[in-house]
Each structure stands twice: as structure tokens, then as C-alpha cells.
Amino acid sequence: MPLSRSSRWTFSRPNANSKFQWPAAISLLTAIFLGGIATADQPADTATDDSLVEVLNRVEAEGVGHTEAMKTMSAQPKSTDVSTSQLFATLNSMSDAKPRAKNWLRLLASQQIEAAESNATTEADMRALNEDLLSFFNERAHDGDARYLIYRHLVDRAPQRREPLLEQAVDDPFIPLRYLAIQRELDLAEELEGEDAIEAFLRLLPLARHPDHLRDITASLKKLERPVQLAKQLAMIMQWQVIAPFGNKDSEGFDQVYEVETKYTDSPLDTKLTNQSFAAKSDSANAGETGAEPSGDMLDWQSLATEDNAGMVDLNPTYDNAKDAIAYAVCFFELPEGETTDVQARLGCINANKAWVNGKPVLSNEVYHSGSSIDQYVSNCQLRPGLNSVLLKICQNNQTQPWAQDWHFQFRLTDSTGRGIPVTVVNVAP
């Protein structure tokens, strides 16, 4: 089943709050900020439980499920009646919540933290609450958004906590926290000189996940005359077998299924694919109302490798800046032993594109010349021990403006944190 067309930008600067679903939740916000909507006969110590999360998870766009969610939320205690057990029940429930439900739970937890502080009548009570919050934050198995909420609260209340909290977060599994921690370390490293600076940057290199941080580190090391290759640190795939140009007149080739796709999806681990020639125009692309016949031109695979520091593969030099054209790029590779098989495919491409991993569609973006960045498009996918493959479809249109001439891509595989997986390319030369 084909993927829906979409574009997804990733690795934006961290934001503690994802987009809030205002149309579905505005009434809930009003009710909560006005002091809760519990009635007198509701028990004061009702804890946030799985049933609340289950109801909130059913809330969808355009207010679907909102009424039931409001009814369930109304059963939550007033802010003045909140206990620490209810607070931590809410925080724990975020691990099972979908993004929209998590927005609601985040708001509820924020109010509960403030209520718990108000209910702390002595310094000992406040100290105990902060110790409990810190203990929750330090347990990395807890939901990242819940931990980030606590981090923001602790730092807002006592800014001096920021340094020790971030100092221990350089390898945190929650990327927004790790981002802040790495940025702090980078700022400190910039103040160093000579071997001390080199040592600091090299220590951060395997810990960084954001492409901007990796770019900054490699640039700093280059200035210090200790160059490292950014593409290697990102684990970009640098060697491909490419076949082009297939027809893309009027950008109709994006949905055209050329025989390359069919052959690949039927046998995605057959390395003999690159020994075959394919027609530049298919019957269905040339027939139709005009009755035109296939051109008969046959295309062959070529080996294409890049030495670009960011792993960008430029198709223009090889295919003479072709227009109304499609290129297919395939790579067969071995997954290192013991490496995770739950991965993410990450593509940077200024052209319309599709991607398949082990024969399964993972990306589909009909977007031309709107910009390109590392990890521009991201999708979860599955690898297998041993041999795997990826096929890319990179589409160029017929625009002649100078800014519309690029025809290139960069691709890598990562774990869920953005750590690049250094696969071993086993392409068979055509």
C-alpha cells in the first residue's frame, strides 16, 4: 500500500512542548485554570490511572472524543486536594499516552506540581517534594517528556540546578535533554585551547546526536588541525549503484511505477538487480491517449560514490543536469553483528523522493526545491541481521531557475536517538 505524501522536518531546536491541540482542548484548559471541575462528592485522593490515559488516547482532531475526555478529567481532584501520589501517577501515565493525550497530561502534571508545592507547609515538606521530583528525573526509564517537565520546573525554581542536571545528561536517551547538555559542553569546550580543546571536542563527538552539533564539533576540530569527517560521524551511506534518467515529464513520474521498483520490491535482497538493464520509459508512461510506443532506450547501473564531507550524493555531474528525470539509487549492506534492527531511515533531499528499505516503502515526499537538510525526512523501519537493502527514487522536474538545479540526496540509518549505524556496503559492481 503506497505511503501518503508528506514532508517531515526533524532535529529542530528542542522545545519542551509539542504543538497543543487547541480546538479539542480549549474547554479543558479553561476548566483546569479556573481551579478544577471536581464536585463535592468525588473522592479527594482519586489517582490518575490507566482509565484516564485510555480515554485521553481516544481524543482525535476536530474534537472527536473530547466530551468523554472532559467527563473523565472532571473526576480528577481539585488542585488543592492533589497528593504527591496523584502527581506521580500522572507523570507515570505519560509513558503510555499518545501525543495528544500527553499534551493534556503535561498540563495536568504542571498544575499538580504547583499544588504539591502549595501544600508543602514546611521546608522539610518542600525538600522532600524536590527530592522525589529529582529521583523521578534521574530514573531514565521514565517518560522523557515527564522528565523534561520536571527538569524545567526544578531549574525555573532554582536556576543553580541547571549545571549539575545537564552535566549528567550528555548521554541522556531523551534527545531534548541531551541537546541542552551537549550545547553546554560545547560552550565550555570553546573556552579551551590546544590539546585541552581537542580532547573536549573528541569526547563529545560520539555523544552528540544533533547534526548541527556534529557539524560544530568537526568544524572546531578542523580549526585545531585535528580534522574528522562529518559524513563518517553521521554514518552516511557514501557508495551507491545508480540508474538514470527515467522519464518524469510534467512530474508524472513520481507515481509511475517503473520496472526497477517492481523488480526490487519483489526481491529486495537480490544483488543481481544491478546487473540488469531497464527501459527509460515504460509502456504505461508512453502509451495512453497518444498511443506512443516505448522509446526502446535501455539504461544501465553505474557505481556512484561521494567524498562530500556531509555525505551528499550529487547526480548532476553523472547525468548532465538532466531535467524531467528520475534516478534510482540502490545500496546493499551488512548490518554489524549485535546492532539494533529497530532503526530509522533518514533522508536529506531537495527533490521529490521515495524510499524503500528491504522492499517496504518508508518515505514518500512529492516536494521540489523547498530546501534540504540532514535528516530532513525520517521514518521508522526494520532491518535484519546480515544482508539488507535500500532503494531511493530521486525525482527532478523541469524548472530552469538557478535555485532549482540541484539534484542530490544524502541518506543514513540511525537508532531512535539519532546515533548513526555504520553499515558495511556490499554493492556488487555492475
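The values are calculated or read from the model by the stated rules, or taken from the named source; none is laboratory data. Please read these numbers as outputs of a predicted model, since none were measured by experiment. Cβ atoms come from the backbone with ideal geometry, glycine included; neighbour counts cover every protein chain shown. Only protein heavy atoms, including side chains, enter the accessible area calculation; ligands, DNA and RNA are left aside. Shrake-Rupley method; radii C 1.70, N 1.55, O 1.52, S 1.80 Å.
Search segment 94-117 for residues being of a type in the set (S, T, N, Q) and modelled with pLDDT of 90 or more, and hand back the single one that is farthest from GLY65 (Cα to Cα).
SER110
Which helices (runs of 4 or more DSSP H) does segment 131-191 wholly contain that include 3 or more residues that are touching a strand residue (DSSP E or B) at 6+ places or on another chain (Cβ under 8 Å)?
Where helices (runs of 4 or more DSSP H) fall fully within segment 131-191, none carries at least 3 residues being touching a strand residue (DSSP E or B) at 6+ places or on another chain (Cβ under 8 Å).
Give the residues of segment 228-240 that are over 25 Å from VAL367 (Cβ atoms) and either in contact with a Pro (Cβ under 9 Å, 6 or more places away or on another chain) or at pLDDT below 95 (or both), sorted by residue number.
Within segment 228-240, VAL228, GLN229, LYS232, GLN233 qualify.
Name every residue in segment 304-324 that is of a type outside the set (D, E, K, R) and either within 13 Å of ALA231 (Cβ to Cβ) or part of a strand (DSSP E or B) (or both), in order of residue number.
Across segment 304-324, the qualifying residues are LEU304, ALA305, THR306, ASN309, ALA310, GLY311, MET312, VAL313.
Do you know which residues across segment 357-395 are among the aliphatic types (A, V, I, L, M), out of contact with any helix residue (DSSP H, G or I) (no Cβ under 7 Å at 6 or more places or on another chain) and open to solvent by less than 30 Å² (accessible area, probe 1.4 Å)?
Once the filter is applied, which keeps residues that are among the aliphatic types (A, V, I, L, M), out of contact with any helix residue (DSSP H, G or I) (no Cβ under 7 Å at 6 or more places or on another chain) and open to solvent by less than 30 Å² (accessible area, probe 1.4 Å), segment 357-395 yields VAL357, VAL362, LEU363, VAL378, LEU383, VAL390, LEU392, ILE394.
Return a yes/no flag: does segment 396-403 have any residue that is of a type in the set (A, V, I, L, M, F, W, C), in contact (Cβ under 8 Å) with a residue 24 or more places away in the chain, assigned to a loop (DSSP other than H, G, I, E, B) and surrounded by fewer than 21 Cβ atoms within 10 Å (Cβ to Cβ).
Among the residues of segment 396-403, not one is of a type in the set (A, V, I, L, M, F, W, C), in contact (Cβ under 8 Å) with a residue 24 or more places away in the chain, assigned to a loop (DSSP other than H, G, I, E, B) and surrounded by fewer than 21 Cβ atoms within 10 Å (Cβ to Cβ), which makes the answer no.
Please specify each residue of segment 323-354 satisfying the condition of being in contact with a Cys (Cβ under 9 Å, 6 or more places away or on another chain) and among the aliphatic types (A, V, I, L, M).
ALA325, ILE326, ALA327, VAL343, ALA345, ALA352
Go over the candidates GLU185, GLU139 one by one and state the one that is surrounded by fewer than 16 Cβ atoms within 10 Å (Cβ to Cβ) and modelled with pLDDT of 95 or more.
Only one candidate qualifies: GLU139.
Each row is one residue, and each column tells you yes or no for (1) open to solvent by 20 Å² or more (accessible area, probe 1.4 Å); (2) more than 30 Å from ALA327 (Cα to Cα).
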residue: GLU193; (1), (2): yes, yes
residue: ALA208; (1), (2): no, yes
residue: ARG226; (1), (2): yes, yes
residue: LEU230; (1), (2): no, no
residue: LEU234; (1), (2): no, no
residue: TRP240; (1), (2): no, no
residue: ILE243; (1), (2): no, no
residue: PHE246; (1), (2): no, no
